[in-house]
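Peer 1: Can you keep this structure in mind? I'll have questions shortly.
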Amino acid sequence: MLTKKFFKTKDEVEVTFEFSREDVTSVALAGEFNDWQPLAMKFNKKEKVFRTKVRLPKGGEFQFKYLLNEDEWENDYQADKYIPNIAGTEDSVVSTHA
């Protein structure tokens with residue numbers, strides 16, 4: 001799930017990435033904005049969700065995926081859209097257009 005916070009005085013958007021699935025013990029976020037280097041997401045035990053926040057430039061679209069249990073790639077179920085990638089699957093896309 002994606003949540004976005006737009007700032008009036010900054011040219012960036014704070015995007016909160018969340019992922020939850022019962023069989024998953026670790027989740028990392030990888031995308032164009034971090035050179036596809038997996039960033040570990042913190043687990044909230046109370047809400048049973050993995051979560052991280054990233055600030056991205058306004059007015060862009062960024063491809064990303066979640067790396068589950070260090071070996072399974074998964075899209076965001078509520079991404080803004082999906083586009084084909086070079087691996088023959090699809091990537092999630094987050095849009096930071098106001």
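Derivation of every value follows stated rules applied to the coordinates shown; laboratory data play no part. Note that this is a predicted model, so its numbers are computed, not measured. Please note: Cβ atoms are built from the backbone with ideal geometry, for glycine as well, and neighbour counts cover all protein chains shown.
Peer 1: Under the rule that an exposed site lies in a DSSP loop and has at most 15 other Cβ atoms within 10 Å, name the longest stretch of the chain with no GluC sites (Glu not before Pro) of that kind, not counting the sites themselves.
Peer 2: 71-98
Peer 1: Another one. Picking from Val94, Leu56, Tyr82, whose Cα lies most toward the positive end of the charge dipole for the chain (charges on Cβ: Lys, Arg +1; Asp, Glu -1)?
Peer 2: The Cα lying farthest towards the positive end belongs to Leu56.
Peer 1: Something else now. Could you name the aspartates and glutamates in cross-link range of Lys46, using Cα to Cα under 20 Å and dropping any fewer than eight places away on the same chain?
Peer 2: Glu18, Glu22, Asp23
Peer 1: Moving on to the next point. How much net charge surrounds Ile83 when only the other residues with a Cβ under 14 Å from the Cβ of Ile83 are counted, with Lys and Arg +1 and Asp and Glu -1?
Peer 2: -4
Peer 1: Then there's this: Compute the length gained on full extension between Ser20 and Ala98: take 0.36 nm times their separation in residues and subtract their Cα-Cα distance, giving the result in nm to one decimal.
Peer 2: Gain in length upon complete extension: 25.4 nm.
Peer 1: Please work out the FRET efficiency for the pair Asp11 and Phe43, using the Cβ-Cβ distance as r and a Förster radius of 35 Å; give the result to the nearest 0.05.
Peer 2: Calculated value: 0.65.
Peer 1: Students often forget the sequence filter, so: which lysines lie under 23 Å Cα-Cα from Lys48 once same-chain residues fewer than 8 apart are removed?
Peer 2: Lys4, Lys5, Lys65
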